[in-house]
Amino acid sequence: MVREFGRVRGGRHTHGYYGSNASARVAWSRRGRWPSGGLDPKRRRASLLCVRVYTPATALMDRPPDFFMSTAGEYEPLAAPRVSWEKARLRDVVRDDHMLIEIEPGLAGQRFGLGSIEIVQLIISARHRGRTLYPISEWPLYVYVARIPDRAIIESLSFTREQIELIAWGTLFRTREEASDHAQRFQR
């Protein structure tokens, strides 16, 4: 399985993907795997099809999680509690308190036409008027959860409605136990 972590330009992966079964520092390409650290062995220079890999999956986040997210009762693929880390503050034309998060475990991308790519970055926004993600002052917090088809958002830190896809309503919890209790209420 491949974890989505970077952008796609012109249909070619240019950087930021890594294989969860691969060791760190192994570069992947659509043509295969080159153990040369990302250099095309024939040309001895960086390949445009090459993907850089520098972080093993187990060291994705070296800090404690900011919160736990569950979409139990709303969206089954994200119902199990997800460890979540804040990555950046985003804005659109209406508000400036959207949050780019990274989740573990990721969301299977197959249902979105991404094949074996695992989605680990999502955008969340407070769902109720008067609530905000900066700072989170009341738990649990109810949020909209969106995926990021347009990776330009990651660089610009702003987006339009057309650049994201709303996939669920979710709930943020302070602890894993609270998120697990919430998810268990909706199990069949």
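Some observations on this one:
Let's see how each residue does on (1) surrounded by 14 or more Cβ atoms within 10 Å (Cβ to Cβ); (2) within 26 Å of Asp181 (Cβ to Cβ):
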{"residue": "Asp62", "(1), (2)": "no, no"}
{"residue": "Met69", "(1), (2)": "yes, yes"}
{"residue": "Asp92", "(1), (2)": "yes, no"}
{"residue": "Leu100", "(1), (2)": "yes, no"}
{"residue": "Glu104", "(1), (2)": "yes, yes"}
{"residue": "Gly113", "(1), (2)": "no, no"}
{"residue": "Ser125", "(1), (2)": "yes, yes"}
{"residue": "Ser137", "(1), (2)": "no, yes"}
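- Scope the stretch 65-99; condition closer than 19 Å to Ser137 by Cα, modelled with pLDDT of 95 or more and outside any strand (DSSP E or B); matching residues: Pro65, Asp66
- Leading residue by the ranking (nearest to Met99 (Cα to Cα)) among those in the stretch 142-164 that are touching a Lys or Arg at 6+ places or on another chain (Cβ under 7 Å) and without any contact (Cβ under 8 Å) to a residue 40 or more places away in the chain: Tyr144
- Pick from the stretch 149-188, criterion in contact with a Leu (Cβ under 7 Å, 6 or more places away or on another chain) and assigned to a loop (DSSP other than H, G, I, E, B), ranking: surrounded by the fewest Cβ atoms within 10 Å (Cβ to Cβ): Leu157
- Among the residues of the stretch 59-108, those that are within 15 Å of Ala146 (Cα to Cα) and of a type in the set (Val, Ile, Thr) comprise Thr71, Ile101, Ile103.
- Filter result for Pro105 (of a type outside the set (A, V, I, L, M, F, W, C), part of a strand (DSSP E or B) and in contact with a strand residue (DSSP E or B) (Cβ under 9 Å, 6 or more places away or on another chain)): yes
- Among the residues making up the stretch 139-148, those that are in a loop (DSSP other than H, G, I, E, B) and crowded, with 18+ Cβ neighbours inside 10 Å are Pro140, Ile148.
- Taking (1) in contact with a strand residue (DSSP E or B) (Cβ under 8 Å, 6 or more places away or on another chain); (2) touching a residue at least 24 places away in the same chain (Cβ under 8 Å); (3) more than 25 Å from Arg176 (Cβ to Cβ) in turn, Asp96 satisfies each apart from (2).
The values are calculated or read from the model by the stated rules, or taken from the named source; none is laboratory data. Every value quoted in this text rests on a predicted model; they were computed, and no experiment measured them. Cβ atoms come from the backbone with ideal geometry, glycine included; neighbour counts cover every protein chain shown.
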